[in-house]
1. Checking Q129 against (1) of a type in the set (S, T, N, Q); (2) more than 15 Å from M414 (Cβ to Cβ); (3) at pLDDT 95 or above, which single condition isn't satisfied?
2. Which count do you get for residues in the range 45-67 that are in a helix (DSSP H, G or I) and either aliphatic (A, V, I, L, M) or buried (at least 19 other Cβ atoms within 10 Å of the Cβ) (or both)?
3. When you scan the range 233-242, do you find a residue that is within 21 Å of the chain's Cα centre (by Cα) and part of a helix (DSSP H, G or I), even just one?
4. Is it true that some residue in the range 61-69 is more than 18 Å from T240 (Cβ to Cβ), over 24 Å from the mean Cα position of the chain (by Cα) and among the polar types (S, T, N, Q)?
5. What pairs can you find where one residue is in the range 198-219 and under 29 Å from C83 (Cα atoms) and among the polar types (S, T, N, Q), the other is at pLDDT 95 or above and in a helix (DSSP H, G or I), and their Cβ atoms are less than 6 Å apart, with a gap of 6+ or different chains?
6. For the range 286-331, give me every one of the helices (runs of 4 or more DSSP H) that falls completely inside it and has 2 or more residues that are within 17 Å of the chain's Cα centre (by Cα), under 26 Å from P246 (Cβ atoms) and modelled with pLDDT of 90 or more.
7. State the number of residues belonging to the range 118-158 that are under 16 Å from the mean Cα position of the chain (by Cα), under 17 Å from L421 (Cβ atoms) and of a type in the set (S, T, N, Q).
8. Can you name the condition, by its number, that A91 falls short on among (1) without any contact (Cβ under 8 Å) to a residue 12 or more places away in the chain; (2) assigned to a helix (DSSP H, G or I)?
Amino acid sequence: MDFPSLKSTQSKSTRNYWVLAIIIVICYGLHLRYATLEITDLSTTIRSDAELYYIYAYNIHNEHIYSKEATTGDIKPKPDSFCPPAFPFFASLFWENTNYFVPKVLWGQTLIQIVSFLILNIMLFRCTQGVIALIGSLMIWTFPHFIAIDMYFLTESLFVSIIALIIAISLKQKLTSIDWILLGILCGVGALTRSTLEYFSIFVFLILAFRKAIKREHIYFLIASLIPIIGWKIRNYIATGAPADPTLMISALYHGSFPDFMFNHDPRSLGYAYQFDPESAKAYQSIRSALGLIIERATNAPMEYAQWYLIGKQFFLWQWYIFEGWGDIYIYNVENSPWERFPDMIVAHDFHRFLHQLWVAPSVIFSIYLFFKKETQQNQALFICTALIIFCMLLHAITAPYTRYGIPFKLPLMLIFLVALNWGLIKINALVIKKTQRI
């Protein structure tokens with residue numbers, strides 16, 4: 001099997017037709033986003049994690065303090081480091097009053113996603129065939145999960161935009177030192193948006209070091225990515241006396257330790273097993289306590305826990321249905337959704353749900369295959385995308401693999417699918433030419 005690529009074979013005569021088709025797809029994607037934001041009726045916009053981000057944004061703008069504590073009278077809230085800061089700081093830029101604040105943030109994060117997807121689309125079209133670019137455009141612009149996350153006051157929309165920009169830069173024909181620095185900055189900002197990426201740059205650097213492929217620009221990448229992260233940890237130490245709040249790590253480890261996300265296989269506990277666990281208080285005492293409880297339970301049921309950690313978690317991470325949320329493509333409950341009313345959106349939804357089961361699993365397997373090939377590091381886009389996917393899989397094999405967390409990483413997974421599809425088309429084309437020559 002030859003090494004796959006995103007080699008472009010489009011001719012100038014057909015270029016304009018592909019451009020027109022892609023523009024139509026983009027316009028339809030804009031329609032989907034507008035309908036989702038304007039028509040969807042959430043029973044409540046601010047709840048759970050969103051409530052925390054709301055309080056953070058309020059305190060940043062009005063109290064100039066990063067804190068999850070609600071302001072009461074003249075008592076100032078205490079600074080903390082419970083949540084990554086990028087989204088609350090982004091949201092605070094839109095603070096005006098309680099009536100228009102959240103809608104402005106939702107539109108703001110949607111516009112950022114649109115811009116990042118446009119940049120990614122342009123880069124994709126420049127480096128591959130028109131038909132592959134068109135398929136990629138359809139997947140990116142009309143994928144229901146990418147659109148649905150825009151209507152929530154959560155980190156996922158901003159995070160998927162950062163992932164899109166990382167991939168877009170990696171698609172350049174040759175990355176310069178400036179490009180690697182930009183990649184590093186984006187990884188650093190991504191880590192401050194979702195902690196998932198905190199150790200990604202170190203992971204990439206170690207892989208390159210293991211393959212003896214370290215270059216000067218890779219050192220720039222590592223430094224650029226660590227500056228925002230270290231800067232935030234210094235702030236935390238000054239403000240709270242510790243570089244990080246261990247609560248999120250404890251929750252991630254503990255919540256992800258229940259096989260099939262259920263306590264004692266009780267279907268009522270699906271997604272919220274920790275609420276049924278009588279020993280939950282013990283787990284939350286410290287990371288050491290959480291790990292001790294997990295190891296004790298794994299020792300008592302080694303095969304069950306081995307299957308869960310090695311294989312089972314990936315089925316939850318990459319599935320379509322957001323089981324820990326409202327279900328289907330919804331994180332929080334909705335009263336009225338155009339995805340269930342408009343015929344075109346119903347068709348788009350059902351079409352993607354059908355295709356999802358056909359491309360996700362093969363793309364995950366193909367990503368693993370590509371990641372372990374030495375030639376992958378010679379193609380920056382493949383290397384970055386496979387590294388993102390493998391890092392996500394490894395991280396969530398240890399922590400809680402909620403489906404919501406896997407949504408942004410389906411973007412690099414889509415690129416891997418396009419690589420496989422492009423490689424297949426090139427092979428078929430070569431066979432056709434060979435047979436034609438024989439005739």
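1. Result: Q129 passes all but (3).
2. Residues that pass the stated criteria total 10.
3. no
4. Taking every residue of the range 61-69 in turn, at least one turns out to be more than 18 Å from T240 (Cβ to Cβ), over 24 Å from the mean Cα position of the chain (by Cα) and among the polar types (S, T, N, Q).
5. Between residues of the range 198-219 that are under 29 Å from C83 (Cα atoms) and among the polar types (S, T, N, Q) and residues that are at pLDDT 95 or above and in a helix (DSSP H, G or I), the close pairs are S201/C187; S201/L222; S201/S225.
6. In the range 286-331, the matching helices (runs of 4 or more DSSP H) lie at 313-318.
7. 0
8. All conditions pass for A91, except number (1).
The values are calculated or read from the model by the stated rules, or taken from the named source; none is laboratory data. Treat the numbers as computed from the prediction; the structure is a model and nothing was measured. Ideal geometry is used to build each Cβ from the backbone, glycine not excepted, and the neighbour counts take in all protein chains shown.
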